[in-house]
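I have placed the structure first, in the form of structure tokens, so that the comments after it can refer back to it.
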Amino acid sequence: MSGSSVLLLVAICLASGAHAKIGFGPGEQEWGYVKVRSDANMFWWLYYTTANVSSYYDKPLIIWLQGGPGASSTSYGNFEELGPLDLSLNQRNHTWVKDYNVLFIDNPVGTGFSYVTDPSAYTTTNEQIASDLVECMRGFLKVLPKFANVSTYITTESYGGKMGVDFALAWYKAQQAGTIKSNLKGVSLIDSWIDPIGSVMEWAPFLYATGMVDTEGYKTIDKAAQATKNAVNAELWFQATSLWSAAERVILQTTSNIDFYNILTKKQPGFMRDSSAVRYSSEPALMRGDLISTYDFDLNYLMNGPVKRSLNLTVEHSTQSDTVFYKLQEDFMKPVVDKVELLLNQTNLKVDVITGQLDLIVDTPGTVNWVENMKWKYSNIWLKARRQPLVVQDVIEGYVKSYGNLAMYWVNRAGHMVPKDNPAAMAQILKRFAN
């Protein structure tokens, strides 16, 4: 990145007449840390909406949680999916900031700019993650108390969805008990790791149905998936995570390097470590490779160079992210479908489930299976509800089925990163979800 680019961004910030801090890029921003526990510090970064409104607080607050665990919301989610600037520092046409206040949180502690000062402070369970996130929101609302009355929605992707359901439950309970003054309205689960083994068991059928493997390839992948399932059934959770990782490698070898996040992505042949999965930096076998791709270099340079300087931070971005995943390996393959059921049965929060048709790692068949088999009060009515087309400018961008506080979206021409792959569909979904 050239020095002139940075100067241009600073000029844009000054020209905006920002009432908040001058951050990185256009628009008004705030950011800071919350000490969620002793030795555990969580970083948040807020972009005020650029919508033409008399007050920022007229627009909802959207929280974004990235996956992993260990992938950074402030970097990947921000610059690769939905923030005001893309990785090349061009202004993004479909940024969520145009319509909403957007809060990126680096979670769990140790991810991105969040950090721990003692190894014992890393999280090891989903419940601990949720508790930390609620504490983070308490700290955020102390700094910006006017957001307490603003309609607030949690949006998540991949493992962020697993973390998000426990977060939503814990936050809702605290809100009802009066221990936090806030206005949480819903949680959105985009290609989320809710039923891990359910996704894994559909890998072979999905790849076979799309022509990515033949019968022998199906058998090879299914064998690896069955081994993972056996470990899950025996509640050998650490072993299950290891076998899940091995199954991913089997797929890479069998398909000669398919993209786990969008099966139609053009790839070079061969079993390569610098796949898009490595670039996304979420899971160990695929995402903790020895090779550093150009993508990694660009994003790390951006976060630890211009962004870090502009935000006046002292913490190095993502140096603890690998450890975040390894500390959660025992919890990684555990399902949280029961927590989604609790959200539907015991709260009035809206729950959106979103699946991209081209995603492999959290495939659509696996997602449909757990959604249709949930035990909740309106399940029978929801199952019989008519699925409607999701139309944007006379184009079918997907389908939706909804009843009560549950809506499920099938998104066309999208893989794992729906906001990036089909921003038009995502904008329409957000409009229904948060307005």
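Quick notes on this structure:
- Close pairs from the range 394-417: first without any contact (Cβ under 8 Å) to a residue 40 or more places away in the chain and farther than 21 Å from Asn369 by Cβ, partner open to solvent by 30 Å² or more (accessible area, probe 1.4 Å) and assigned to a strand (DSSP E or B), Cβ under 8 Å, at least 6 apart: Ile396/Pro389; Glu397/Val391
- Where a residue in the range 123-134 is over 12 Å from Arg37 (Cβ atoms) and its partner, wherever it lies, is at pLDDT 95 or above and among the aliphatic types (A, V, I, L, M), with Cβ under 6 Å and at least six apart: Ala130/Ala170
- Qualifying residue in the range 411-432 (condition: surrounded by fewer than 17 Cβ atoms within 10 Å (Cβ to Cβ), assigned to a strand (DSSP E or B) and at pLDDT 95 or above): no
- Hey, Val362 out of contact with any helix residue (DSSP H, G or I) (no Cβ under 8 Å at 6 or more places or on another chain), open to solvent by less than 20 Å² (accessible area, probe 1.4 Å) and under 20 Å from Ile429 (Cβ atoms) or not: no
- Answer from Leu184, Leu207 - the residue that is crowded, with 21+ Cβ neighbours inside 10 Å, farther than 30 Å from Met137 by Cβ and touching a residue at least 60 places away in the same chain (Cβ under 8 Å): Leu207
- Pick from the range 30-47, criterion in a strand (DSSP E or B) and open to solvent by 50 Å² or more (accessible area, probe 1.4 Å), ranking: farthest from Glu80 (Cα to Cα): Arg37
- Some residue of the range 157-175 being of a type outside the set (Lys, Arg), surrounded by 23 or more Cβ atoms within 10 Å (Cβ to Cβ) and part of a strand (DSSP E or B): yes
- For Asn78, the conditions (1) out of contact with any strand residue (DSSP E or B) (no Cβ under 6 Å at 6 or more places or on another chain); (2) in a helix (DSSP H, G or I) are fulfilled apart from (1).
- Subset of the range 104-124 (residues that are open to solvent by 50 Å² or more (accessible area, probe 1.4 Å), hydroxyl-bearing (Ser, Thr, Tyr), out of contact with any strand residue (DSSP E or B) (no Cβ under 6 Å at 6 or more places or on another chain) and not in a helix (DSSP H, G or I)): Thr117, Thr124
- In this structure, Glu216 does not satisfy being touching a residue at least 60 places away in the same chain (Cβ under 8 Å) and on the phi < 0 side of the Ramachandran plot.
- Considering residues of the range 210-225 that are part of a helix (DSSP H, G or I) and over 17 Å from Pro365 (Cα atoms) only, the residue most open to solvent (accessible area, probe 1.4 Å): Lys223
- Considering residues of the range 81-103 that are of a type in the set (Asp, Glu) and assigned to a loop (DSSP other than H, G, I, E, B) only, the residue modelled with the highest pLDDT: Asp99
- Taking the listed residues Tyr122, Tyr100, the one that is closer than 23 Å to Met426 by Cβ and of a type in the set (Phe, Trp, Tyr) is Tyr100, with no other qualifying.
- Count of the range 309-322 residues which are open to solvent by 50 Å² or more (accessible area, probe 1.4 Å) and either on the phi < 0 side of the Ramachandran plot or part of a helix (DSSP H, G or I) (or both): 5
- Test: residue in the range 67-76 that is under 15 Å from Thr156 (Cβ atoms) and more than 14 Å from the chain's Cα centre (by Cα): no
- Flag if Tyr295 is at pLDDT below 95 and either open to solvent by 20 Å² or more (accessible area, probe 1.4 Å) or in a loop (DSSP other than H, G, I, E, B) (or both): yes
- Whichever residue in the range 335-357 is in contact with a strand residue (DSSP E or B) (Cβ under 7 Å, 6 or more places away or on another chain) and within 22 Å of Trp244 (Cβ to Cβ) and, among such residues, is surrounded by the fewest Cβ atoms within 10 Å (Cβ to Cβ): Val353
- Of everything in the range 30-72 that is out of contact with any Leu (no Cβ under 6 Å at 6 or more places or on another chain) and acidic (Asp, Glu), the residue that is farthest from Asp322 (Cα to Cα) is Asp58.
- All positions within the range 382-410 that are at positive phi, small (Gly, Ala, Ser) and not in a strand (DSSP E or B): Gly404
- Matching residues, the range 48-75, being buried (at least 24 other Cβ atoms within 10 Å of the Cβ) and not in a loop (DSSP other than H, G, I, E, B): Leu61, Ile62, Ile63, Trp64, Leu65, Ser73, Thr74, Ser75
The values are calculated or read from the model by the stated rules, or taken from the named source; none is laboratory data. Note that the structure is predicted; figures quoted are calculated from it, not measured. All Cβ positions, even for glycine, are placed from backbone atoms using ideal geometry, and neighbour counts span all protein chains on display. Accessible surface areas use protein heavy atoms only, side chains included; no ligands, DNA or RNA. Shrake-Rupley method; radii C 1.70, N 1.55, O 1.52, S 1.80 Å.
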